Structure formats: structure tokens, C-alpha cells
1. Could you figure out which of (1) over 18 Å from residue 286 (Cα atoms); (2) part of a loop (DSSP other than H, G, I, E, B); (3) in contact with a helix residue (DSSP H, G or I) (Cβ under 9 Å, 6 or more places away or on another chain) isn't true of residue 227?
2. Mind checking which residues of region 293-309 are in a helix (DSSP H, G or I), farther than 21 Å from residue 153 by Cβ and free of Cβ contacts under 8 Å to residues at least 40 places away in the same chain?
3. Just need a number here: residues in region 69-87 that are assigned to a loop (DSSP other than H, G, I, E, B) and surrounded by 13 or more Cβ atoms within 10 Å (Cβ to Cβ).
4. Here are 178, 186, 224: which of them is at pLDDT 95 or above, farther than 21 Å from residue 292 by Cα and not assigned by TED's automatic domain parsing to the domain that holds residue 100?
5. Could you figure out which of (1) at pLDDT 90 or above; (2) surrounded by 15 or more Cβ atoms within 10 Å (Cβ to Cβ); (3) among the aliphatic types (A, V, I, L, M) isn't true of residue 146?
6. All but one of (1) out of contact with any strand residue (DSSP E or B) (no Cβ under 6 Å at 6 or more places or on another chain); (2) β-branched (Val, Ile, Thr); (3) in a strand (DSSP E or B) hold for residue 250, so report the exception by its number.
7. Name, by its number, the condition in (1) among the β-branched types (Val, Ile, Thr); (2) out of contact with any Pro (no Cβ under 8 Å at 6 or more places or on another chain); (3) in contact (Cβ under 8 Å) with a residue 24 or more places away in the chain; (4) more than 16 Å from residue 153 (Cβ to Cβ) that does not hold for residue 104.
8. For region 28-42, indicate whether the set of residues that are at pLDDT 75 or above, out of contact with any Leu (no Cβ under 8 Å at 6 or more places or on another chain) and part of a strand (DSSP E or B) is non-empty.
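The values are calculated or read from the model by the stated rules, or taken from the named source; none is laboratory data. Keep in mind that what you see is a predicted model, and the values were worked out from it rather than measured. Positions of Cβ are generated from backbone atoms using ideal geometry, with glycine treated the same way; all protein chains shown enter the neighbour counts.
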Amino acid sequence: MGASTGLLQSIDQSTQLAGHNRLALLLFRVDARQLFGINVFKVQEVIPRPALTWLPSAHPVVCGVADIRGRVVPIIDLAAAVGGPRTTRDRAAHVIVAEFNRSVQGFLVQAVERIIHVDVQDVKPPHGSGGAKGYLTAVTRYGDDLIEIVDVEKVLSDVIGEAPLVSDTLMGAARHLAQGRRILVADDSRVARAQVEKILTQIGIECTLVNDGREALRYLQSLADQGIDVTERLAMVISDVEMPDLDGYTLATEIRRDPRLKALYVILHTSLSGVFNNSMVQRVGANRFIAKFSPDELAQAVLERLRTGE
């Protein structure tokens, strides 16, 4: 790969693609056969396999922790995490250091190859759900290669456990505000959809769940085509950003372009955290950005919207 410098330069170039329904993927292998991808914006750096300290109480797929720039980072054996054999020491060449859901972790892989840019409409949901396929959020092609995109949120859910519940204080304040309200939730991760649904259910809000931005847009347009006032039917849209076929940035843009939908309140809810995403909220016309995954912060944002109705 040529160390982290080339990677960081590619990330800088890739930021120009955001909001244009394009996806930048870092390609890697956990074995000799299959190419996998991870969103470039989630990657902080790629390093050679560091010295690891074993933790006897850790999850079986956590192969230890490493001191990375003065920070203790858990290292997850990605091959084992998606249902394959454990990565042997002689095959573990690199660690991808990435931030997901407000935490930093490293993913132990056999090889890191290159960064590619693909059109989101060429990224499709995976076929099948068994074995490693159950850990995929999407697939795409690059030349003759099939690229499988890992559902990292499912991996982390398996390793860390379920997200905490909404606090009792917020649940108590929510009931009168949430009664009879419905929210559309778009997220390609089955685990993430279930997490958001659980939060909304806890505060008494019904939700409609869809798998990606394209499905969300079609649902909204079908309501409008029936003459339904979409802002009366739905309190808001909560959308992931990184989704196949139509990403969250483009979904927000399309909502603002349609006069029947443009008044909808849109929250972008994504593991792609940082200042960059806050600036993109303004560019695409979304109302708010919330980094995954804080049940209380998401619940508070929903309640604030219901309370003000602005």
C-alpha cells in the first residue's frame, strides 16, 4: 500500500465525492480469495501488525489490544468475526484503524490493497444471509472483482453487545409527545435498523423501516402520489449516510428537490462522524447530523423536534 501517507492523500481526494452518490472504498483481504471493502471515511490509518497484548476476558474474536499513538485500541480479527478461521500470526500483515459509532478499533487483515471509487447505484444488497454473507451490508464490482462490504455495525454489536437503553428520564418525558407519531428509518445495516427501531419504540414512536435511500425515496413519493400530506404522516426521516443504490446525502437532496417532500425534517444518523459530516448536512439540506450510536442523543433529538415542530 505504501504506508499511511498514500492512504491519507487518497482520503483527502475522496472527500470531494461526498454528496455526489459516490463511495470511496478501501479494499483489503482477510484471506487469499475474496476482496472486501470498508468506507474510506471510517479509516484513520493503516499500520503493519503491531505488538498485541492479550486480554483473557475479551471476546473470542478480539485478538488483543495495541498501543497506537498512545491510545489503547482493541484489535478485532476480522476473518474470525465474519465466521471464518482465525488469522494466523504469519498471515496477519496489517491493521485497519477505524472509527465506528464513536469508538476506535483496529481490524486485523491479511492484506490492504488500494482505494477505489464506485457509483452508489452500482452497490447492491448482498444475496443470501448465511455464514460470512450475514456480515455483509452490500456488494459491488470493480473490473472483474466482486467486492464484499462488511457490515461493521453487526461485527461490533456481536463483539461489544447491544446498545444501552434510552434513559428513564427521557422515556418518561416522551409519551405525550410521541403518541400517534411515525418516523421513516433508512439504513442498510440490519443491526442499525433494529437499534433505531428499539430506541423509537422505547419512547413510544412507531416507525417504518427501509433498507436504503432508494427504497426510502420511493416510499415517500408513493405517499405523495396518493395525495397524502407526507409531513402529516411522518414526523421525520432518520437516514444512514452510507447505503447502496442511493446514499443518505443524495436522499436528503432529493427530498428537498421535491416540493411535496421538501418540508420533511431529516436527520442523518451515521457512523461517519466528524466536522466533515456537519458541513455536508448544510450542503445537502438535511436538518441535523447525529453520530452513531448514542440512544439518549438520538432520542433527545427526536423529542426536541416533536416538541418544537419547527
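1. (3) is the only condition that residue 227 fails.
2. If the condition is that a residue be in a helix (DSSP H, G or I), farther than 21 Å from residue 153 by Cβ and free of Cβ contacts under 8 Å to residues at least 40 places away in the same chain, then 304, 308 are the ones that fit.
3. So the count comes out to 5.
4. 224
5. Evaluating residue 146 over (1) at pLDDT 90 or above; (2) surrounded by 15 or more Cβ atoms within 10 Å (Cβ to Cβ); (3) among the aliphatic types (A, V, I, L, M) leaves (2) as the failure.
6. (3)
7. (4)
8. Looking through region 28-42, none of the residues is at pLDDT 75 or above, out of contact with any Leu (no Cβ under 8 Å at 6 or more places or on another chain) and part of a strand (DSSP E or B).
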